[in-house]
Amino acid sequence: MDFLVLFLLYVLLVLLSIFLVCVCSGRKQSLPSRAFTCVSRVISRIIPSQIQGVAHSLLHKFFHTRNCTFVVLHLILEALVYGEYTWEVFGYCRELEFSGFFLLLPYFLLLVNVGFFILCSKTDPGTITQHNQAVFVHAYPYDGMMFEKGVECATCKVRKPARSKHCGVCNCCVHRFDHHCVWVNNCIGAFNTRYFLIYLLTLTSMAASIAVITGAFLIQVVILSSLMQGHYTDGEGQEHPVDAFFLIQHLFLTFPRIVFMLGFVLVLSLILASYLCFTSYLVLTNQTSNEWFKSRRGTGPYAQQGNKQNSYKNIYSRGVWRNLGEIVKPLTSPAKKRRLM
C-alpha cells in the first residue's frame, strides 16, 4: 500500500501546483488569493531577506522575461516519457503482438507536434509597431467597454488597436493578444493561434495515446497472468482474493517506471484535455483568454460605470464557421470589408 500513498501525494502535489497557478492569475480580492498572500507574508518573516531577494530575482527571470527554461523542461519531460515508452512499453507490446500502427501513433504525433511547436514559437504573433500600427488599428471595431478608441500604449507609444494588449514579458503590443505561453517562449496572438491549437491538440493526443497503450499493456499482462483469479496472504497469514489495491501494488513492484509514467500521462492528459476544451470554446465564440478573463473579472471602463459583469456583450463573434475562418486567416486591415456583428 506504500505505492498508493506515494501516488496520492504525487497527485495532490500536481493539483496544488495547478491551484497556485490559478490563484496567481485569478482575482486579487478572492478568498484563495488573500489566503495565499497571508501565507506569503508569514513565510517572508521567517526566510532571510537575502534568500527572498534571490528567490524574487529567479521568479522574475522565469515568469517575467523571455527565457528557454520552460522550453527545456518541456523537452526533458517529453524525452523522459518517450524514452520510457520506447525502452520498455514498445518492446513488451511488440512481444504481445500489438498493432504496429497503434504502437507507432505516438511517434507520428510527436513529429507533428514538434513541427507546430517550432511554428508557434518562431512565428510573429502580430507585434504592433509605429510602422505597422495602421494595418491593425482598423481590423476590429472598438466595443467602447473593454477596448476604448484613442488609447495609447504607455510603453510602446503606439495606438492600441481593439483586442490588442501589451505583453510585459515580450515587451511589445500584440494584435489579438491571447496570452503569453512560457512553454513555447512566445506570445499567442493573431498569427500563431492556429499553430498553437494544433500544437495543443497533438500534445494532448500524445499523452492520451501513450496512456491508452500503456494501460492496454498492463491490462493484457493481468489477463495473461490470471492475476485476478489468484489469492495473496497478508501479514497475519490470512488468505484473500486479489483486489484492485493489491493488483496496482503488484504491477508497481513489477513495472515501477511504467506505472509511474502511466500515472503522469493520465494526469497530464486530463489537464491538457480540459485546457484544449476551454481553448476550443474561445475559438468557436471568437474570444481570447485575455478578453474572457477581463469579462469575468469586470476589468475595463464598464466595471467603473457600475454595470454588471454579465452586461458585457462580445461583438466580435460572427458565427462558428466565420470565427474558425478568422483563426485560419487572421484579420489585419479592412481591405476586405467584413461586418462584425
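None of the figures in this text is laboratory data; all of them are computed from the coordinates on show. Since this is a predicted model, take the numbers as computed values, not measurements. Reconstructed Cβ throughout: ideal geometry from the backbone, glycine too, with neighbour counts over all protein chains shown.
Below are the figures for this structure:
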item: Per residue, the convex hull volume that the Cα atoms of segment 113-207 enclose (Å³); result: 99
item: Rotationally averaged projected area of segment 108-152 (alpha carbon convex hull; nm²); result: 5.0
item: Label-point separation in nm, ARG66 to PHE278, each point 7 Å along Cα→Cβ; result: 2.5
item: Nearest-0.05 FRET efficiency for PHE108 and LEU77, computed from C-beta distance (R0 22 Å); result: 0.70
item: Ratio of Rg to Rh over segment 158-232 (Cα coordinates, Kirkwood Rh, two decimals); result: 1.41
item: Förster-model FRET efficiency, 25 Å R0, VAL221 and ILE271, C-beta, rounded to 0.05; result: 0.40
